[in-house]
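Report on the structure given below.
The values are calculated or read from the model by the stated rules, or taken from the named source; none is laboratory data. Just so you know, these numbers come straight off a predicted model, no measurement behind them. Here Cβ is always computed from backbone atoms with ideal geometry, including for glycine, and neighbour counts include all displayed protein chains.
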Amino acid sequence: MVSVNLYTRKKRRNKLEIFLLLVILVVTVVLAVRMMANAAFSTRHLQLVRARSYIFEHTGLALTGVIERDTEVIQEKHNQLVQERRRLTSQISEIRAFLQQKEEAHRFFEITCLYLEKHGELALKEIMTRIDYSQGNGNVLYYLVLDSSLESEKVLAVIPETEAYVKLQETKLSFFAESLEVRHIDMGIDKNVGQ
Amino acid sequence: MSDSDAFSKDQHEVSNGENQVRNVFVSKRFSAKMSSKRKVLKTKGVKSLIAGVVLVLLIAVGFGGFIGFYVWQSGQALVEMAEETEKLADVFFETQRLTKVRNDAVRDIRDNSRIEEIEEYFGISRAKHDHNNLRISEPAEEFLKLLNLIINEPAVVIRRLNLNSSLSFPVFPRTAMQPVIRLNATLDISIARVF
């Protein structure tokens with residue numbers, strides 16, 4: 001009787017085929033899943049780009065579609081914009097400081113005009129002799145020539161909304177004619193007092 | 001085909017080493033199968049253990065490395081890109097807002113500016129921003145006009161002003177002649193850096 005090990009040969013042959021089939025199956029599934037994942041990330045990337053297309057268009061960003069490369073491009077643009085923001089902030093601070101100075105000066109002269117007008121309504125004549133102004137603070141000296149029959153208390157109390165940092169010093173000079181009265185007003189405006 | 005023909009064709013002499021058998025019956029189909037050329041895939045095999053290990057490794061590397069690592073890496077990259085995009089959006093809108101604020105401020109200053117008149121009067125240029133010890137000596141009316149112009153000029157701020165009247169003492173009121181009072185002033189000004 002011929003000794004032929006058919007069982008062993010059949011078993012080995014099937015194993016190799018099945019093994020290779022399984023390997024091909026696994027590789028195919030892996031590649032398919034990888035492609036699906038790739039497609040999913042590409043879709044999400046596209047959604048992200050579309051959602052922020054306004055910004056990308058206005059900043060002139062040309063995206064490549066590769067996530068890592070696009071991230072680098074976005075980072076570079078972000079750094080540029082941060083520098084731009086710093087420059088703008090500096091400019092605005094400068095403008096703000098300038099306007100602050102302007103406002104202080106304007107307020108000083110506004111208060112001066114207000115007091116001169118109000119006192120001028122009572123006085124026969126008002127004569128300004130000196131203004132010393134520096135950085136929002138200063139002194140204004142002026143004379144008021146008044147009718148002596150006027151009640152003296154009314155002069156300084158004529159302005160109801162007296163600023164907290166306006167200080168008036170009044171000196172009576174009554175050595176003119178009997179019907180006249182001269183007052184010397186020293187108005188000090190100190191912006192730091194009211195703060 | 002008759003059974004005798006089939007029997008005659010299926011009779012072969014088999015010589016197999018020491019065991020010599022003549023006229024052994026072998027199935028025709030099996031004989032053809034045995035005599036046909038064997039392919040490597042059908043003749044070779046892989047040990048079950050090796051095949052199992054290779055398959056497990058393939059699955060682990062394929063799904064773990066090729067897909068898992070890819071998904072993790074792409075996910076991280078996508079998250080990073082989304083974060084960078086958000087930061088870019090924040091900075092972009094902030095920059096736009098600051099640009100608008102700056103442009104509005106500059107436009108307001110430029111539109112309401114009459115700086116040419118001040119430049120012409122003092123003989124200064126806006127190229128230089130700080131001008132010190134500018135002197136004015138004008139009659140009161142002219143002086144007030146000039147002072148109003150400077151105060152209301154948005155591009156110019158007065159940093160210091162020293163004003164003195166030519167009068168050392170107030171004139172008498174109720175006189176038919178208008179007093180000619182000359183005002184002398186020294187001032188420091190700054191021109192906004194927006195031109």
Assigned to a helix (DSSP H, G or I) and over 18 Å from the mean Cα position of the chain (by Cα): does that describe A:E72? yes
Could you look through the stretch A:130-150, keep only residues that are more than 7 Å from chain B (Cβ to nearest Cβ) and among the polar types (S, T, N, Q), and pick out the one that is surrounded by the fewest Cβ atoms within 10 Å (Cβ to Cβ)? A:S149
Here are B:V46, B:V91, B:V71: which of them is assigned to a loop (DSSP other than H, G, I, E, B) and facing chain A (nearest Cβ under 7 Å)? B:V46
Tell me whether the stretch B:173-180 contains one or more residues that are at pLDDT 85 or above and either surrounded by 16 or more Cβ atoms within 10 Å (Cβ to Cβ) or among the β-branched types (V, I, T) (or both). no
Within the stretch A:120-141, identify whether any single residue is touching a His at 6+ places or on another chain (Cβ under 9 Å) and either assigned to a helix (DSSP H, G or I) or among the aliphatic types (A, V, I, L, M) (or both), and answer yes or no. yes
Given the conditions (1) under 30 Å from A:V182 (Cβ atoms); (2) of a type outside the set (D, E, K, R); (3) without any contact (Cβ under 8 Å) to a residue 24 or more places away in the chain, report the number of the one that A:I95 does not fulfil. (1)
Given the conditions (1) within 7 Å of chain B (Cβ to nearest Cβ); (2) farther than 24 Å from B:E138 by Cβ; (3) at pLDDT below 90, and given that A:I127 satisfies all but one, which numbered condition is not satisfied? (2)
Test for A:T64: is it surrounded by fewer than 18 Cβ atoms within 10 Å (Cβ to Cβ) and not in a helix (DSSP H, G or I): yes
